[in-house]
Structure formats: structure tokens, C-alpha cells
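The values are calculated or read from the model by the stated rules, or taken from the named source; none is laboratory data. Just so we're clear, the structure is a prediction, and the values are computed from it rather than from any experiment. Neighbour counts run over all protein chains shown; Cβ positions are idealised from the backbone, glycine included. The area values use the complete protein model at the heavy-atom level, side chains included, leaving out ligands, DNA and RNA. Shrake-Rupley method; radii C 1.70, N 1.55, O 1.52, S 1.80 Å.
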Amino acid sequence: MKLLITGGAGFIGSAVVRYIIENTGNSVVNVDKLTYAGNLESLTSVAENERYSFEHGDICDRAFLEKVFDIHQPDAIMHLAAESHVDRSIDGPSEFIETNIVGTYTLLEVSRKYWNNMDASRREVFRFHHISTDEVYGDLDGTDALFTESTPYAPSSPYSASKASSDHLVRAWYRTYGLPVLITNCSNNYGPYHFPEKLIPLVILNAIEGNALPVYGDGSQIRDWLFVEDHARALYSVVTKGVVGETYNIGGHNEKTNLEVVTSICDLLTEMNVPLPAGLDAFRDLITFVPDRPGHDLRYAIDASKIEQQLGWTPQETFETGLRKTVQWYLENSNWWERVLDGSYSRQRLGNI
Ligand code: NAD
């Protein structure tokens, strides 16, 4: 099978590409615009593999996409390319509307035309897998409720609203045109190769360097954390075994407040004997409460029983084991994150088109 993966140079996309090349016999075409979030250095372990190829371009560019489909003749699409950072969407929503909505629409249209022209046997197996977020459901109150696949959409931020729009487009292309789609909505991911603007890598790197650890509001917002490699396995299960037209929620059963996440990282750094920056008694002393994000969602928590029962996927990492692996990875891979922080990370080695 040849999988066309959009956004394969991003955090989750690169984990999916590495997983497929390293654990299956399938081929991957990575289509990525290489925005600030795209980093080909997250793919060095697979870059020379003959089953991997890269095409540099924008999913909003229809002519580019048609050429990629024509050359590579993919059997399935895994669509991860997106603008993904909530704070950036509040500061400037336009790129979120462009990539997340117009880009998804363009990819759907190119996929539909391609699928319509496939021969019958290949049409049967073709899949369009749209990767989305639990943030489309809005937030939960203090009860025990969890997001299920039938929770009504109530997005709060420009980011989650743009992802909700793209989910609706994908469902409409299934209902109206019969395009064989799959949708997954996942909780917060963490793990290696995470861009250091996101909470967990930001806190690890700020702590090592003795910088403030910013916590929004009182830090009581709850997120359900999933180790990125567990997400990659879940996505591969869905694209290969999922039922067409279905939605699968993916989560880690790891609800933590943001403050718990930050203090856990501080405690792990102490336990791992990371030297305290000069003048500090404890990493926790770096915690700094900052004004809350506008519209900040209080709690996300996923009911992942459908994918567990129907596709046999379960997370392999608990928050404790996954966080330990993540902190260890950042301690051992300063060559990756230093080049991200100083802006010298690779955006070259472009593709053929
Ligand atoms: P990311 O920001 O790390 O990576 C996004 C990738 O998409 C980058 O490589 C970027 O260069 C590429 N890209 C952006 N605009 C593009 C365009 N117009 N054309 C082609 N490529 C483009 O994102 P991520 O955290 O890896 O998330 C991947 C997907 O998973 C997103 O759709 C996101 O909504 C979803 N998701 C993320 C999380 C999370 O916790 N990070 C959770 C659930 C779902």
C-alpha cells in the first residue's frame, strides 16, 4: 500500500511516517509545505529508505496536489497537515482558515476526482483518513462526562472551529459523493520531536535553561494526554481496519491538570539529576502563573472505548512512562531542539515537484 501523508514533517505526522516505514512494508509519500512547524530533521531515520519520498508543497495548491496524485498513485490519504497551535490561532486566524478549511476542501476535491477515475478494485480499498482533534467538542464541566463520537460539536477557539469545519466537509464528501472517509478525533499528544512552543517541551526546555515555566490562570485546566507513538499506532489501525464513514475517538485515559503536568516534569528532572540552574532551590520555583488564554477550555477527556473494542487498539504508555521517555528524549537530543530554537533546522532537501 502507498500512503500519502499530509503534514508528515510535523509532530504527529513525522511519528506516523516513522511508524509506517519502520514497522510495516508500506510506502509513504510525505506532502508538506514546511511551515515553521515542519521539520525534516524529525525524519532523518527514514529519509533514505526507498519506501519514503517527500513532496514539498501546499495542500491549498490544487495543481500541485493533482500532480502528486498523478505521479504517486496513492492507495490511501492520511490528512494531518494543519495549523495546530491555539495561541497562534487567537493572534492570527487567517492561516488556520486557509490551511485547515480551504486546504482540506482542496484535498477532498483532488481525492474525489482521483478516486472517481480509479479502477473498481482500487476504488474499493481507497481511504481518505482525516485526522482531527477532541477540541471540536468544546470543553466539559466538572462532571465525569467524556467526549464520545456523538458529542455535539461546540468549538471554542479559531483553531478548533477551523478543525470542526474541516470535519464537517469530510463528512459531507462521504454523504454527498460517497468518498470513503474515516475521521479520528484525538486528545492532546506529547512525546519526542514536539515543537517547543507546546506545553510539555516548552516546560522541559525552559526548566533546563532556568527560564520561567508559564502556567495559564491557576493551572486547573484538564487535558487527556496521549503519547504520540500510541496515536501513530491508532491512526495506522484506523486507516487499515476502520469502517468507512465512521469516526473514532482516540485518547489516553490520562487526565491531568496543566499544573500537575508542569510539576511532574519538574520532579522528573530532579529525579534524573538534571543540574539545577544557578540560584534555584527547586525546578518548581520556576513556575509562574500568567493571565489565562481567552476562551480557554476547562477540561477535555476522551472516551476511546469504540476504537479499543472495534479495532483492538489500546495505548501502551501511561502518562508516567510516556512522560519519562519524553523528558529523557529531550535530554538526549539537544541537537534536534537547539536547531529548532535557533531557527537553523532543516527546511531544505525539497522534493521533486
Ligand atoms: P504540527 O503543527 O506539528 O504539524 C503540522 C504540519 O503540517 C507541519 O509539518 C506543517 O509544515 C504542515 N503544514 C501546515 N500547513 C500546510 C499546508 N498548507 N500544506 C502542506 N503542509 C502544511 O501539527 P501536529 O501537532 O503534528 O498535528 C497534526 C494533526 O493532528 C493536525 O491536523 C492537528 O489538528 C491534529 N491533532 C493534533 C493534536 C496534538 O496534540 N498535537 C491532537 C489531536 C489532533
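Only residues that are without any contact (Cβ under 8 Å) to a residue 40 or more places away in the chain and either open to solvent by 40 Å² or more (accessible area, probe 1.4 Å) or not in a helix (DSSP H, G or I) (or both) were counted in the stretch 261-275, giving 5.
Return the only residue of ASN49, ASN23 being in contact with a helix residue (DSSP H, G or I) (Cβ under 6 Å, 6 or more places away or on another chain) and either farther than 25 Å from SER237 by Cβ or modelled with pLDDT of 95 or more (or both).
Working: ASN23 fails: in contact with a helix residue (DSSP H, G or I) (Cβ under 6 Å, 6 or more places away or on another chain).
Just one listed residue meets the conditions, ASN49.
On the stretch given as the stretch 47-85, residues that are among the β-branched types (Val, Ile, Thr), more than 7 Å from the ligand (Cβ to nearest atom) and surrounded by 20 or more Cβ atoms within 10 Å (Cβ to Cβ) total 2.
VAL181 passes every criterion in (1) crowded, with 24+ Cβ neighbours inside 10 Å; (2) within 12 Å of the ligand (Cβ to nearest atom) apart from (2). Criterion applied to GLY13, GLY38 was being farther than 26 Å from GLU124 by Cα, outside any strand (DSSP E or B) and in contact (Cβ under 8 Å) with a residue 40 or more places away in the chain, and the one residue passing it is GLY38. Within the stretch 189-209, residues that are among the acidic types (Asp, Glu) sit with their Cβ atoms under 8 Å from residues that are away from the ligand (no atom under 15 Å from the Cβ), at 6+ positions apart or across chains, in these pairs: GLU209/PRO277. State whether one or more residues within the stretch 294-308 are free of Cβ contacts under 8 Å to residues at least 40 places away in the same chain and closer than 30 Å to SER150 by Cα. Yes. Could you tell me whether GLU109 is surrounded by 13 or more Cβ atoms within 10 Å (Cβ to Cβ) and within 11 Å of the ligand (Cβ to nearest atom)? No. Inclusion of GLU260 among residues that are at pLDDT 95 or above, within 19 Å of the chain's Cα centre (by Cα) and of a type outside the set (S, T, N, Q) is not warranted. The residues in the stretch 1-43 that are open to solvent by 30 Å² or more (accessible area, probe 1.4 Å), away from the ligand (no atom under 12 Å from the Cβ) and under 29 Å from PHE96 (Cβ atoms) can be counted, and the count is 1.
For the stretch 125-139, the candidate set comprises residues that are under 13 Å from TYR174 (Cβ atoms) and in contact (Cβ under 8 Å) with a residue 60 or more places away in the chain; within that set, the residue that is most open to solvent (accessible area, probe 1.4 Å) is ARG127. Of the residues LEU341, LEU311, LEU286, LEU323, the single one that is out of contact with any His (no Cβ under 7 Å at 6 or more places or on another chain) and open to solvent by 90 Å² or more (accessible area, probe 1.4 Å) is LEU341. Scanning the stretch 172-187 turns up one or more residues that are aromatic (Phe, Trp, Tyr), more than 21 Å from TYR236 (Cα to Cα) and touching a Lys or Arg at 6+ places or on another chain (Cβ under 9 Å). Can you name every residue in the stretch 178-234 that is polar (S, T, N, Q) and either assigned to a loop (DSSP other than H, G, I, E, B) or at positive phi (or both)? Answer for the stretch 178-234, where residues must be polar (S, T, N, Q) and either assigned to a loop (DSSP other than H, G, I, E, B) or at positive phi (or both): SER187, ASN188, ASN211, SER220, GLN221.
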